1. Would region B:95-136 count as rounded, prolate or oblate if I go by the C-alpha gyration tensor, calling it rounded below 1.5 in a/c and otherwise prolate when a/b exceeds b/c, oblate otherwise?
2. Take the cross-link list A:42/B:257; B:92/B:151; B:42/B:82; A:253/B:254 and give me the ones stretching past 27 Å between alpha-carbons.
3. So what's chain B giving for Rg/Rh, alpha carbon basis, Kirkwood Rh from the mean inverse pair distance?
4. Just the C-alpha atoms of region A:139-257: what Rg/Rh do they give, with Rh taken as the Kirkwood radius?
5. Between region B:56-73 and region A:101-160, what's the alpha-carbon centroid distance in Å?
6. Could you pull out every residue, at least 5 positions away or on a different chain, whose amide H is within less than 5 Å of the one on residue B:13? Hs are placed 1.01 Å off N in the peptide plane, and Pro or chain starts have none.
7. Amide H neighbours of residue B:48 under 5 Å, at least 5 residues apart or on other chains, H built in the peptide plane: list them.
8. With bins 10 Å wide starting at 0, give me the P(r) of region B:212-257 over every alpha carbon pair, in whole percents.
2 protein chains.
Amino acid sequence: MKNSNRPLIFVTNDDSLHAKGIASLVAVAQEFGNVVVIAPDKPQSGMGHAITISHPLRLFRSEIFDGIESYSCSGTPVDCVKLAVYEVLHRKPDLILSGINHGLNSSTNVLYSGTMSAAVEGAMEHIPSIGFSYGDFDPDADFSASMHVAKQLIPQILTHGLPQGVCLNVNIPKGPLEALKGMEVCRQAYAFWEDRFDKRIDQFGRPYYWLTGTFDSREDATDTDLYFLDQGFATIVPTQFDLTAHQTITGLKKIFK
Amino acid sequence: MKNSNRPLIFVTNDDSLHAKGIASLVAVAQEFGNVVVIAPDKPQSGMGHAITISHPLRLFRSEIFDGIESYSCSGTPVDCVKLAVYEVLHRKPDLILSGINHGLNSSTNVLYSGTMSAAVEGAMEHIPSIGFSYGDFDPDADFSASMHVAKQLIPQILTHGLPQGVCLNVNIPKGPLEALKGMEVCRQAYAFWEDRFDKRIDQFGRPYYWLTGTFDSREDATDTDLYFLDQGFATIVPTQFDLTAHQTITGLKKIFK
């Protein structure tokens, strides 16, 4: 039931309005506030911070979640945040939740992640924002551990807020709730994809390529999200949109003067 | 003419292989090395760090630049970098150049920019990488000032390299070469879009939306790219892919323990 004293919580994701992950997140969010949902009408994984500027956006009302104002959007997760603030809510929500993603967005995967880009866009709008990702790509993944983490974090963020310009990248390791060791605030690991392309030939004899690869080129460190996920902890990485490598400015000024 | 002792320079952009900006950058790059080009087959502005994973990529040889091995790609700028390293060059080039973008990518626009995401992807591959953007959206913009800046920077980066995990976001203010005051290494400004949607009705009576807005919500500071661009300088922002807000970890540990 809507109550104007309850926080306004906006929910989005990148796996589309039809994913089990967003249904799980909406179920948790409802306990803490009035929920409005705008999510992509099709999977938008890997869309990063993309916005739709070369063609128009579509937004259609959906009845997918009982009693929850919901919309499907033809655009990206970042488009969904912008449409929420400026076209649907006509105000900034008190909290943005993105996910729960089917698959981790730890380490440098944050850059490719539509789920996390929605949270980063929220931070740019000065709205407390959290992206949740779970270590299982299965469409029917068991989100109980992720929902437990969300239930702990959401009231804390509603109470304390977040530092200006910062959102949270929350990743939950695959496994049942009982196996979860706890939560750790930590940094993004320095690790990378070893990309490969699967080259195939179409019915006209022309080549096409599927992006594939392995994510295993990583540093040996004990203070990163990859380390703590391996140890069975949910990880919380405070994530910012200031990409400036401040520590290099003084040195580079000497070269470029 | 190809010379195996010359540096291998990979060039891409987000305005497509047919943009004047990339032709200008290829012309400069040729002076310093052997050039290979892969660029999107259509404009990919605003694609951020998107990658193509839900459908296959196409890559076709192009003869658009005399004597330069060039390809058009159906994907994003980041796809172009990955295809270059892993499918076309089969090695890491000595330098990645992206642009010259038609329009600035200063301040938080770096997050939405396909041009800059290609450079960030280069940094993730440990390849010295520079994104160039010019303050004029005109398809026939005068890139002489930008080409002058590129001619200065390219040999310096080939000589000195860049700090690990850092690429350069170079923006050149609109105007003739004679008006350019110089170059400044500085930080990304804290400024944001005030988004708006232009809502229209299609021939079936259904709404559609164009993302629009103004970029004018900015801090009052004298050490940022927006400040120096206004003063007539080209700006060089060292840009990293570590999004961790390191300065907030200690404080957040107290909340989430």
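Only the coordinates and a few stated rules stand behind these numbers; no lab work does. This is a predicted model, so every value here is computed, not measured. FYI the Cβ positions are ideal-geometry reconstructions off the backbone, even for glycines, and counts take in every protein chain you see.
1. Since a/c reaches 1.5 but b/c is at least a/b, the shape of region B:95-136 is classed as oblate.
2. Going by Cα-Cα distance, A:42/B:257; A:253/B:254 fall outside the 27 Å limit.
3. Radius of gyration relative to Kirkwood radius: 1.00.
4. With Rh from the inverse mean 1/r over Cα pairs, Rg/Rh is 1.11.
5. Taking the Cα centre of each part, region B:56-73 and region A:101-160 sit 38 Å apart.
6. Amide H to amide H, under 5 Å and 5 or more residues apart or across chains, residue B:13 pairs with B:99.
7. HN-HN under 5 Å from residue B:48: A:51, B:113, B:114.
8. Pair shares across the bins are 19, 28, 32, 18, 3.
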